[in-house]
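The values are calculated or read from the model by the stated rules, or taken from the named source; none is laboratory data. The model shown is predicted, which means the values in this text are computed figures rather than measured ones. Positions of Cβ are backbone-derived with ideal geometry, glycine not excepted, and every protein chain shown enters the neighbour counts. Surface accessibility is based on the protein's heavy atoms, side chains included, excluding ligands, DNA and RNA. Shrake-Rupley method; radii C 1.70, N 1.55, O 1.52, S 1.80 Å.
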Amino acid sequence: MTTPTAPHYLFLTTSTREPGHTGNTEWLARQAAAALPAGTAQTWHHLARMDLPPFVDHRHTTGTYAPPEGNMKTLLDATLAATHIVFVAPVYWYSIPSPLKTYLDHWSAWMRVPGLAFKEPMGAKTLALITTSGDRTKAQPMIDSVALCAQFLSMTWGGALWGKGGPPGAVQSDAQAVAAASGFLNALTAAA
């Protein structure tokens, strides 16, 4: 599958908040997505609501993986179809939420599925992060980690949009983050 030329955003929401509750990070991401030009393709997946199998590392034994099935195939297809991948991830213990870590671990498998072009097409995509936490400094380790993932696959690093989170609705009072959200994704499209 080749990377499409028209912008197509894949939003991977990774909070483990119970269904029916929109957290600060997803709220901020939805503000950013709403500012995209009308008709811009968007795909949203909530990773915590998908049955994601644990990654089993046999890179140094069998060395290859079978093509993914079920939800992992859905995610692989969505990943390859997107021009821009946006992790919508609140800071959990200075890092990414566990559903996102599981998804990222499967990138190691997808690079080793015989006949599947994964690593090369990823280099034509942009990876960005939208996150919230109580303090910007506490988000930095996660931001650095995601930037390194982009670098590993030669993806364009689109940067991070951070907002002050905490209790439900807190980010809505962060005027700087709300203002930045309106142009964050459009800047990614312009840079591509």
For residue 43, work out the one condition from (1) in contact with a helix residue (DSSP H, G or I) (Cβ under 6 Å, 6 or more places away or on another chain); (2) not in a strand (DSSP E or B) it doesn't fulfil. (2)
For the range 92-99, state whether one or more residues are within 21 Å of residue 182 (Cα to Cα) and surrounded by 14 or more Cβ atoms within 10 Å (Cβ to Cβ). no
Among the numbered conditions (1) open to solvent by 50 Å² or more (accessible area, probe 1.4 Å); (2) touching a residue at least 24 places away in the same chain (Cβ under 8 Å); (3) under 30 Å from residue 180 (Cα atoms), tell me where residue 39 comes up short. (2)
How many residues are among the aliphatic types (A, V, I, L, M), assigned to a loop (DSSP other than H, G, I, E, B) and modelled with pLDDT of 85 or more when one looks only at the range 1-14? 1
Select from the range 120-146 the residues that are outside any helix (DSSP H, G or I) and touching a residue at least 60 places away in the same chain (Cβ under 8 Å) and write down the one among them that is surrounded by the fewest Cβ atoms within 10 Å (Cβ to Cβ). 124
I need a count of the residues in the range 148-179 that are in a helix (DSSP H, G or I), open to solvent by less than 60 Å² (accessible area, probe 1.4 Å) and more than 23 Å from residue 16 (Cβ to Cβ). 2
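Could you say which residue among 17, 59 is outside any helix (DSSP H, G or I), among the basic types (Lys, Arg), in contact with a helix residue (DSSP H, G or I) (Cβ under 7 Å, 6 or more places away or on another chain) and open to solvent by 80 Å² or more (accessible area, probe 1.4 Å)?
59
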Can you tell which of 9, 65 is aromatic (Phe, Trp, Tyr) and either touching a strand residue (DSSP E or B) at 6+ places or on another chain (Cβ under 9 Å) or surrounded by fewer than 17 Cβ atoms within 10 Å (Cβ to Cβ) (or both)? 9
Any chance residue 114 is loosely packed, with under 15 Cβ neighbours inside 10 Å and within 21 Å of residue 23 (Cβ to Cβ): no
Pairing a residue in the range 53-67 that is in contact (Cβ under 8 Å) with a residue 24 or more places away in the chain with any residue that is surrounded by 11 or more Cβ atoms within 10 Å (Cβ to Cβ), where Cβ atoms lie under 6 Å and the two sit 6 or more apart in sequence or on different chains, gives 55/105; 55/106; 64/112; 65/109; 65/112; 65/113; 67/113
Does the range 23-36 hold any residues that are crowded, with 16+ Cβ neighbours inside 10 Å and either assigned to a loop (DSSP other than H, G, I, E, B) or over 18 Å from the mean Cα position of the chain (by Cα) (or both), and which are they? 23, 36
Condition check: out of contact with any Leu (no Cβ under 6 Å at 6 or more places or on another chain) and either crowded, with 16+ Cβ neighbours inside 10 Å or without any contact (Cβ under 8 Å) to a residue 24 or more places away in the chain (or both). Does residue 108 satisfy that? no
